[in-house]
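The values are calculated or read from the model by the stated rules, or taken from the named source; none is laboratory data. None of these values were measured; they are calculated from a predicted model. Don't worry about glycine lacking a Cβ; one is built from the backbone with ideal geometry, like all the others, and counts go over all protein chains shown. Areas reflect the complete protein model, heavy atoms only, side chains present, ligands, DNA and RNA absent. Shrake-Rupley method; radii C 1.70, N 1.55, O 1.52, S 1.80 Å.
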Protein chains: 2
Amino acid sequence: MTIDRTLHHFPLDPASRQARLALGEKRLPFVEVSTRYWERPKELTRLNPSGMVPVLVEKPADGPPLVLCELRAILDHLEEAYPDPPLLAPDPAERAEARRLLTWFERKFEFEASGYILHEKIEKRLLGLGSPDLANLRMGRDGLKNHLFMLDDLLQAREWLAGKRMSFADFAAAAHISVIDYFGDMPWREFPAVKTWYMKLKSRPAFRPLLSDRWPGLHPAGHYDDLDF
Amino acid sequence: MTIDRTLHHFPLDPASRQARLALGEKRLPFVEVSTRYWERPKELTRLNPSGMVPVLVEKPADGPPLVLCELRAILDHLEEAYPDPPLLAPDPAERAEARRLLTWFERKFEFEASGYILHEKIEKRLLGLGSPDLANLRMGRDGLKNHLFMLDDLLQAREWLAGKRMSFADFAAAAHISVIDYFGDMPWREFPAVKTWYMKLKSRPAFRPLLSDRWPGLHPAGHYDDLDF
């Protein structure tokens, strides 16, 4: 059965990036529609009442379209409808660990690290709110380091973040980190295990589209798309 | 196989309440450990590095315990390990709708409504931060009304929040609303469809333990445990 897939997303949004990585790893072709969601475009709010990205629309050749709003609905649907390759381990403990980390990135990491950095570096620019506040940036960078210590510890003991298998947890971490890296704010040298893990992810075909993302007026750091950084 | 289950939770935490409702509906016996998580008790942080509730521990008679940290890991595990009764519909569109709403409550509803109210009415009391700020409470109550208009619209068209079946989405909404109702802040009269739906949920056996929750120094509204309010 042919299904036309359209992903409504914003290239520098960590949640959108997780959806793109999952689609890419499962080798599901899709059309990308980049949306300025902060302007509340009608096409998007008609699909998703929250007005947020990502939204994935699957249109089968016959039958109604399936509209998947918000990252959680997208990831869970992809894993249920296209289980091969799996992006959650079969072992219940490793599945639980992946899901614990998904919550960690969505709440703790975003509140304590990436939220500060991305607000100052992206949102302020897009919304015309002036230049970054240095105290906020420092808060974000300090928070980031605390989280990177935790990740580095995990990755010294495990091949992938949740255990033996690459999972949604790796995509969550890599999506957040890749946007921070776009702005050159990743202290790579201090966290060698995180760096090795990120190099592995960065060289996967599913990651390539993220490395060619550019947004007008927001320039990536020189090493951003370098596989050997 | 006998499994000993222990849920570490806080009675007035909406996420903890969702875990209790799911366990109750699936008729899985468990021991409740009420925890003052804001004091960062060692027993809890050893189990969950984020220090948050809920955490569910399943101990089989033989073999290692399975530690499920954060609500998402708990709900997804319960649905996978104990599919009967299902708490997500089989239809992919209805599953996606339930997951969209889970994200809605976890982010939008919490940021715009319950977060304000519960910070002022619970956190400030527990942390000794003084009396509620009236401007913040008003913000929370205004946000709450906007969300209730949306829920009332949905519930005029559907039997349950995500469609034809009771699901995790109903538990998410009811868990948040029930804590707000504990403090007497639910404007029931203006939202008859929400009220009818809440009465249905309130009368389920799984809901009963929530209605007998009391926390020292925090008194529930008079109608809180009344099935016919």
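Quick check on my filter: what residues within the range B:76-95 are more than 13 Å from B:Lys164 (Cα to Cα) and within 9 Å of chain A (Cβ to nearest Cβ)? Across the range B:76-95, the qualifying residues are B:Asp76, B:His77, B:Glu80, B:Ala81. As a summary of the residue check, B:Ser114 satisfies the conditions (1) within 12 Å of another protein chain (Cβ to nearest Cβ); (2) open to solvent by less than 70 Å² (accessible area, probe 1.4 Å) except for the one numbered (1). The set of residues from the range B:13-32 being hydrophobic (A, V, I, L, M, F, W, C) and open to solvent by less than 10 Å² (accessible area, probe 1.4 Å) comprises B:Ala19, B:Leu21, B:Ala22, B:Leu23. What are the pairs with Cβ atoms under 6 angstrom where one residue, in the range B:173-186, is without any contact (Cβ under 8 Å) to a residue 60 or more places away in the chain and the other, located anywhere, is hydrophobic (A, V, I, L, M, F, W, C)? Sequence gap at least six, or different chains. So the pair list comes out as B:Gly184/B:Ala221; B:Met186/B:Ile180.
Can you tell me which residue within the range B:42-64, out of those that are more than 19 Å from B:Pro14 (Cα to Cα) and out of contact with any strand residue (DSSP E or B) (no Cβ under 9 Å at 6 or more places or on another chain), is farthest from the other protein chains (Cβ to nearest Cβ)? That would be B:Lys42. Among the residues of the range A:117-144, which ones are open to solvent by 70 Å² or more (accessible area, probe 1.4 Å) and farther than 25 Å from A:Arg214 by Cβ? Those that are open to solvent by 70 Å² or more (accessible area, probe 1.4 Å) and farther than 25 Å from A:Arg214 by Cβ: A:Leu134, A:Arg138, A:Met139, A:Asp142.
Picking from residues in the range A:99-110 that are hydrophobic (A, V, I, L, M, F, W, C) and within 8 Å of chain B (Cβ to nearest Cβ), the one that is nearest to A:Leu47 (Cα to Cα) is A:Leu102. Note on the range A:145-193: residues that are surrounded by fewer than 20 Cβ atoms within 10 Å (Cβ to Cβ) and of a type in the set (S, T, N, Q) amount to 2.
So which residues in the range B:63-98 are assigned to a loop (DSSP other than H, G, I, E, B) and farther than 22 Å from B:Asp170 by Cα?
Residues satisfying the conditions are B:Gly63, B:Pro64, B:Pro65.
Filtered by the rule that a residue be of a type in the set (Gly, Ala, Ser) and assigned to a loop (DSSP other than H, G, I, E, B), the range B:127-176 gives B:Gly128, B:Gly130, B:Ser131, B:Ala162, B:Ser167. Scanning the range A:65-75 for residues that are open to solvent by 20 Å² or more (accessible area, probe 1.4 Å) and either more than 8 Å from every other protein chain (Cβ to nearest Cβ) or of a type in the set (Ser, Thr, Tyr) (or both) yields one hit, A:Pro65. Regarding the range A:15-30, can at least one residue be identified that is in contact with a strand residue (DSSP E or B) (Cβ under 6 Å, 6 or more places away or on another chain), in a loop (DSSP other than H, G, I, E, B) and either among the polar types (S, T, N, Q) or on the phi > 0 side of the Ramachandran plot (or both)? Checked the range A:15-30: no residue is in contact with a strand residue (DSSP E or B) (Cβ under 6 Å, 6 or more places away or on another chain), in a loop (DSSP other than H, G, I, E, B) and either among the polar types (S, T, N, Q) or on the phi > 0 side of the Ramachandran plot (or both). Screening B:Pro132 with (1) more than 30 Å from B:Pro85 (Cα to Cα); (2) at pLDDT 95 or above gives one miss only, at (2).
Exactly one condition in (1) farther than 25 Å from B:Leu44 by Cβ; (2) in contact (Cβ under 8 Å) with a residue 24 or more places away in the chain is false for B:Pro132; which is it? It is condition (2) that B:Pro132 fails. From the residues in the range A:33-62 that are in a strand (DSSP E or B) and under 15 Å from the mean Cα position of the chain (by Cα), which one is surrounded by the fewest Cβ atoms within 10 Å (Cβ to Cβ)? Taking the candidates together, the pick is A:Ser34.
B:Pro85 meets the stated requirement of being more than 18 Å from the chain's Cα centre (by Cα) and touching a residue at least 40 places away in the same chain (Cβ under 8 Å).
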